[in-house]
Amino acid sequence: MTAVRITVTIPEQLARDARQAVDDGQAESVSAYVVQALRHYGRSITLRELLDEWWAADPAGPPSDAERSAAQAELGLSR
């Protein structure tokens, strides 16, 4: 994957949190921390859209086991 450098402005507390995560060994660098956060956000949005589609199709109840399995497979999650 090719990386590009961008500049963003974030609240000071988020910057402290990112640096602390690096200091605590939770991320290799602040950039790696941001990449992890963006990937997580992207997956959660995809899941939210998928759930919204299910609720629109059947607002009476939650997804079936088959639908849950399909969603987990699409997201690369094991059951």
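So here's what we get for this one:
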| item | result |
| --- | --- |
| From the coordinates shown, percent of Cα pairs over 21 Å apart corresponds to which of (1) 49; (2) 31; (3) 24 | (1) |
| Helix 30-57 vs. the chain, principal-axis angle (Cα, 0 to 90°, nearest 10) | 20 degrees |
| For the chain, calculated [θ]222 nm from helices alone, where every DSSP H run of n ≥ 4 adds -39500 (n - 2.57) | -21000 deg cm²/dmol |
| Backbone N under 12 Å from the Asp52 label point (7 Å along Cα→Cβ), restricted to the stretch 21-46 | 45-46 |
| Set of the stretch 1-15 residues, backbone N closer than 14 Å to the point 7 Å along the Cα-Cβ line of Val30 | 6-15 |
| Nearest-ten-degree value, helix 65-74 long axis tilted from longest Cα axis of the chain | 30 degrees |
| In degrees, nearest ten, helix 12-23 long axis to first principal axis of the chain (Cα) | 80 degrees |
| Where labels lie 7 Å past Cα in the beta-carbon direction, separation of Arg19 and Ala66 in nm | 5.4 nm |
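Every number here is computed from the coordinates shown, using simple stated rules; none is lab data. Please read all numbers here as calculations on a predicted model, not as lab measurements. Because the Cβ atoms are built from the backbone with ideal geometry, glycine has one as well, and the counts that use them run over all protein chains shown.
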